[in-house]
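**Student:** Provided herewith is a single structure, encoded as structure tokens, for subsequent inquiry.
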Amino acid sequence: MTVTLHGPNYSTYARTARLALEEKGVPYTLNEVDILTGKGHAPDHLARHPWGKVPAFEHDGFLLFETLAITRYVDEAFPGPALQPADPRARARMTQLCGIVDSYGYGAIVGKLFWQEAVVPLQGGTPDAALAAEGLTGAEQALSVIESLMEGGLLCGDALSLADLHLVPVVEYLRMTKGGAVALAARPKLAAWWEKMNARPAVVATRPRLG
């Protein structure tokens with residue numbers, strides 16, 4: 001069996017897929033496609049992902065892209081602990097939470113707040129304070145909504161789900177910003193969730209290398 005994930009270690013979406021693989025105990029190879037240096041638009045990667053994004057996934061010749069499709073496949077194709085609730089309502093809640101992270105959380109937290117406060121200075125630029133503030137406002141709304149939907153110690157009860165794996169990489173970067181750690185601490189259920197998730201071996205093993 002050969003499993004390869006294409007995407008850089010710093011990518012939140014590649015990390016979500018890696019978390020699923022780690023939690024299922026699936027051996028895999030990470031092909032570091034550095035999208036910040038344009039490697040995502042190299043012909044070999046465009047053959048895997050027509051839009052040049054990450055991650056892309058291969059399992060014994062089966063090619064797949066889009067993170068939720070990858071993580072659902074990993075959960076359903078390999079043995080190990082289930083990462084999706086069996087109950088239809090709980091599974092719908094999981095999908096909803098993944099959608100909230102993708103549609104509202106990521107753009108505010110990573111695309112605006114973290115990018116301005118961490119990535120722009122790293123690249124020698126001057127952060128846009130207004131854009132960072134806009135990101136923090138969006139982050140706070142997304143966190144509040146997510147916390148309001150929690151129904152246990154984790155996002156979908158007390159069992160790990162794909163929703164948790166979608167949120168972890170985004171919160172990791174949120175906590176690296178000035179207001180992010182404060183925003184998380186102000187939401188006690190999510191703060192307790194983070195402490196649980198942060199200690200998981202899969203989370204430790206996939207922690208991004210920055211700088």
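**Student:** Please determine, by comparing only the residues of the stretch 42-69 that are of a type outside the set (A, V, I, L, M, F, W, C) and exposed (fewer than 11 other Cβ atoms within 10 Å of the Cβ), which one is nearest to the chain's Cα centre (by Cα).
**Tutor:** Checking each candidate, the answer is 50.
**Student:** Can you tell me which residues in the stretch 164-201 are more than 18 Å from residue 153 (Cα to Cα) and of a type in the set (A, V, I, L, M)?
**Tutor:** Once the filter is applied, which keeps residues that are more than 18 Å from residue 153 (Cα to Cα) and of a type in the set (A, V, I, L, M), the stretch 164-201 yields 170, 174, 176, 181, 182, 183.
**Student:** Let me spell it out: the conditions are (1) of a type outside the set (S, T, N, Q); (2) in a helix (DSSP H, G or I); (3) more than 24 Å from residue 17 (Cα to Cα), and residue 106 meets all of them except one. Which number is the exception?
**Tutor:** So the condition that residue 106 fails would be (3).
**Student:** Please count how many residues of the stretch 71-90 are without any contact (Cβ under 8 Å) to a residue 60 or more places away in the chain and in a helix (DSSP H, G or I).
**Tutor:** Here the count works out to 6.
**Student:** Scan the helices (runs of 4 or more DSSP H) fully inside the stretch 134-211 and keep the ones with 1 or more residues being among the hydroxyl-bearing types (Ser, Thr, Tyr), under 15 Å from the mean Cα position of the chain (by Cα) and modelled with pLDDT of 95 or more.
**Tutor:** Ranges flagged: 162-174.
**Student:** Same structure again: Say whether the condition of being among the polar types (S, T, N, Q), crowded, with 18+ Cβ neighbours inside 10 Å and part of a loop (DSSP other than H, G, I, E, B) is met by at least one residue in the stretch 8-25.
**Tutor:** Yes, the stretch 8-25 contains a residue that is among the polar types (S, T, N, Q), crowded, with 18+ Cβ neighbours inside 10 Å and part of a loop (DSSP other than H, G, I, E, B).
**Student:** Could you tell me whether residue 39 is farther than 16 Å from residue 206 by Cα and at pLDDT below 95?
**Tutor:** yes
The values are calculated or read from the model by the stated rules, or taken from the named source; none is laboratory data. All values derive from a computational prediction rather than experimental measurement. All Cβ positions, glycine included, derive from the backbone under ideal geometry; neighbour counts span all protein chains shown.
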